[in-house]
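The values are calculated or read from the model by the stated rules, or taken from the named source; none is laboratory data. Treat the numbers as computed from the prediction; the structure is a model and nothing was measured. Heads up, the Cβs are rebuilt from the backbone with ideal geometry, glycines too, and the neighbour counts pull from every protein chain shown.
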Amino acid sequence: MIRKFSHKKISILTIIFSLFIFSQHLKAEISLVVNPQTGGSELDFGQLNQLYQEVSRQVDIEMKDTTAQYELRQEPLGPLRSAKGDEIPWHELTVRGLSGTNKFGRLNVNPETIVNSVLYTANQNGSPDSFSLVYTIKTASGIRPDYYRGQLKFTVLPVNASQNSVSTILNVIVVVKLETETGRPQASLEIGTTSGSGFIYLSSAKEENKRCDVSVKINGSFKKLFSIKQILALAPESNEGNRLGPGTLNVQVEATQLGIGLPLSTLSLSPQAVYTSRPTGEADSSFIISYTLADLSGQKAGRYRSRIQFILEEMGLEIEKYAMGLEVEIERFFDLVVTSQFGGGLIEFSGLKPGEPPKINEVIVEIRNNTGKRYQVNQNVLSELVNKQGNKIASEYFTFRTESRETKGVLKAAEKQEVKKTDAVVFISDASGSSDAFKIIYELAGSWDIKAGDYATRISYTLLEI
């Protein structure tokens, strides 16, 4: 079957098709690529001297999918500013085009042009094009050393508005460093232990290792207030995952003449100024930072490691960083101390007479433990309560009980029990194996069945890990 179309229908289809093509033409988006040759996706000028210096960087521009005459405009977004609010004026940044890098349009940046300007105008046909720009930053004296950051906005704007404009942002980075008039760093530090080791070492095992001195030498000079701060990176941690708690270590700077040294303080995870110069930058040429062991109670045995970072700052601006390892060794102890009236585990009742009131004999038991493991204390009665003639006192008259001395663990004889010739558990520590103390009270009841004389027994105590 042959279908026939009227001229009217063909005309309508032609108009619809033309409108579709035209709308697609209008929707085509211009492509704009801004590519610095150094610094990745950012216009990074690197480190500049605080005194006068000029640095240049090249940026390549490419525009595609253009269909009509257009312009490329450039404008700064906000100031070139540091985190402290200092600014580098935009007029310190200029731009020029590299002649011959464009093919069709006209570069408007010869000679040097300020950044807020029209950089390029395309030909009448709006041909795609590419070219290179050179940006130059000039830093004059008086600009504070810091990290400066700003943004430049590039916009392709069609002259007859047949296409939508398109924009892209380029980050600009400038780092101004502190230098002297000769271009060399004003000052530097030498930091090391007086023993010559590469790290700070403290140990509870030997008296001479309970202190470690770090020597700080200042080379050169400053003209402004500067300080040296220290930061403990992390709480010192052992291989078992235990960490030293606050108040374990002390730090102090002694015998400074010009600057102010840190007085005796607890080593902290927060930044601490160990040394501060005079406002004019005058300072001691060297000084000593002393690290010492402080309160180790409650700390578990082990070898703990961390790092201390030293930061040199002038007027709040970071100049240099140094780091030293920190190692703290806590010697293992697991000790039992028994204190009694007669010593040596001897329990004695002298000059007994039948029918006398009850008599008491007390023993204090102390446990020092930093292993972190649970333990128990056993009582071993080595003999019955007897006198020199061999007379014995029945166990029903001889009892013991345990009593708390702010005890953290569990007392196993809170009520009176007969003292029998055998082993008995009298105490179990808490889950952390904390150091602890308790009292054992031995009581001899009065009885008319007791024969007069001096009676004694010997009792030993054993400390066992569970």
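Which residues, counting only those in region 236-258, are among the polar types (S, T, N, Q) and more than 18 Å from A294 (Cβ to Cβ)? Spell out the reasoning first.
From region 236-258, those among the polar types (S, T, N, Q) are 238-239, 242, 248, 250, 252, 256-257; that's our starting set.
Within region 236-258, N239, T256, Q257 meet the criteria.
Among residues of region 205-229 that are of a type in the set (V, I, T), those with a Cβ under 6 angstrom from a residue that is outside any strand (DSSP E or B) and loosely packed, with under 15 Cβ neighbours inside 10 Å, sequence gap 6+ or separate chain, pair up as I218/S285. The numbered conditions (1) assigned to a loop (DSSP other than H, G, I, E, B); (2) over 50 Å from the mean Cα position of the chain (by Cα); (3) not basic (K, R) are all true for E71 except (1). Checking each residue of region 408-415 against the condition of being exposed (fewer than 14 other Cβ atoms within 10 Å of the Cβ), out of contact with any His (no Cβ under 8 Å at 6 or more places or on another chain), of a type outside the set (G, A, S) and closer than 24 Å to P354 by Cβ gives no match. Of the set (1) within 21 Å of E313 (Cα to Cα); (2) over 23 Å from the mean Cα position of the chain (by Cα); (3) not charged (D, E, K, R), all apply to G196 but (1).
Counting only residues that are surrounded by 17 or more Cβ atoms within 10 Å (Cβ to Cβ), touching a residue at least 40 places away in the same chain (Cβ under 8 Å) and among the β-branched types (V, I, T), give me the strands (runs of 3 or more DSSP E) lying completely in region 294-383 with at least 2 of them. Of the strands (runs of 3 or more DSSP E) lying wholly inside region 294-383, those with at least 2 residues that are surrounded by 17 or more Cβ atoms within 10 Å (Cβ to Cβ), touching a residue at least 40 places away in the same chain (Cβ under 8 Å) and among the β-branched types (V, I, T) span 302-314, 317-330, 359-369, 375-381. Scanning region 74-95 for residues that are part of a strand (DSSP E or B) and crowded, with 17+ Cβ neighbours inside 10 Å gives Q74, L80, S82, I88, L93, T94, V95. The combined condition, being among the hydrophobic types (A, V, I, L, M, F, W, C), at pLDDT below 90 and part of a strand (DSSP E or B), is not fulfilled by I143. Screening A431 on (1) over 57 Å from the mean Cα position of the chain (by Cα); (2) more than 19 Å from T339 (Cα to Cα) shows it passes everything except condition (1).
Scanning region 287-324 for residues that are modelled with pLDDT of 95 or more and more than 20 Å from K210 (Cβ to Cβ) returns a single hit, F287.
Of all residues in region 408-458, those being in contact with a Phe, Trp or Tyr (Cβ under 9 Å, 6 or more places away or on another chain), under 19 Å from N369 (Cβ atoms), in contact (Cβ under 8 Å) with a residue 40 or more places away in the chain and part of a strand (DSSP E or B) number 6.
Residue pairs whose Cβ atoms lie under 6 Å apart, sitting 6 or more positions apart in sequence or on different chains, and linking a residue in region 69-96 that is under 24 Å from S130 (Cα atoms) to a partner that is at pLDDT 85 or above and small (G, A, S), are Q69/A122; Q69/G126; Y70/A122; Y70/G126.
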